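Following: one structure in structure tokens, then a few remarks.
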Amino acid sequence: MGTTEAEIRRGSNLFLGTADIKALSSMRIEIGNHSMGHTFFRSLSPTELETEIVESRALLEYLSGQPVPYLSIPYGNMLDATGNALTAARRSKHKAIFLVHAKSNRFRPASDIFYRVSPGAAALEDLPFKLRVMPMIRSVRGWVW
Ligand SMILES: [Zn+2]
């Protein structure tokens, strides 16, 4: 297409740069790890997972000057929380690993794995239903079928 990934990145204005990470950190905004390339972890070798998880965390810590203890798995699918991915995340001192699925965290698969639930644009009075009831229903539904 006559362009490079770097040119698209610069021209799109969609991605954070080094200065942005430093600025966010100076505003006391916590930086989390979401991997280098946003790929499906299930398709990666242990060496590639090292880059995506361990090196990504180290780079973010270097750039932000703050600890980066959280990993949000790209696409958040449990299938990408492979044994090798979890080993790399835990070995590199991630304290919490986030998935989507919006299930109840009462039934999370390990003490350091959490399901994210997005409240979206829910009205305040709907939050208990969206954040407590629906996650429980999703968990139970997962047991039944
Ligand atoms: Zn993502």
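The values are calculated or read from the model by the stated rules, or taken from the named source; none is laboratory data. Model, not experiment: these values are computed from the prediction. Backbone-built Cβ (ideal geometry, glycine too); neighbour counts: all protein chains shown.
Against the conditions (1) buried (at least 19 other Cβ atoms within 10 Å of the Cβ); (2) within 15 Å of the ligand (Cβ to nearest atom); (3) more than 29 Å from Met27 (Cα to Cα), where does Ser56 fall short? Just the number, please.
(3)
Does Ser35 satisfy the condition of being of a type outside the set (Asp, Glu), within 16 Å of the ligand (Cβ to nearest atom), outside any helix (DSSP H, G or I) and crowded, with 19+ Cβ neighbours inside 10 Å?
yes
Which one of these is over 23 Å from Lys93 (Cα atoms), hydroxyl-bearing (Ser, Thr, Tyr) and away from the ligand (no atom under 15 Å from the Cβ): Thr3, Thr51?
Criteria check complete, one pass: Thr3.
Output the residues belonging to region 93-121 that are in a helix (DSSP H, G or I) and surrounded by 11 or more Cβ atoms within 10 Å (Cβ to Cβ).
Listed by number, the residues that qualify are Asn105, Phe107.
Can you find even one residue in region 122-132 that is modelled with pLDDT of 95 or more and either buried (at least 18 other Cβ atoms within 10 Å of the Cβ) or among the polar types (S, T, N, Q) (or both)?
No, region 122-132 has no match at all.
Inside region 74-95, can you point out the residues that are closer than 14 Å to Glu52 by Cα, among the small types (Gly, Ala, Ser) and within 16 Å of the ligand (Cβ to nearest atom)?
Residues satisfying the conditions are Ala81, Ala85, Ala89.
Cβ-Cβ below 8 Å, separation at least six or inter-chain, first residue in region 50-75 and farther than 19 Å from Tyr115 by Cα and of a type outside the set (D, E, K, R), second assigned to a strand (DSSP E or B) and within 13 Å of the ligand (Cβ to nearest atom): which pairs?
Ser56/Asn33; Leu60/Asn33
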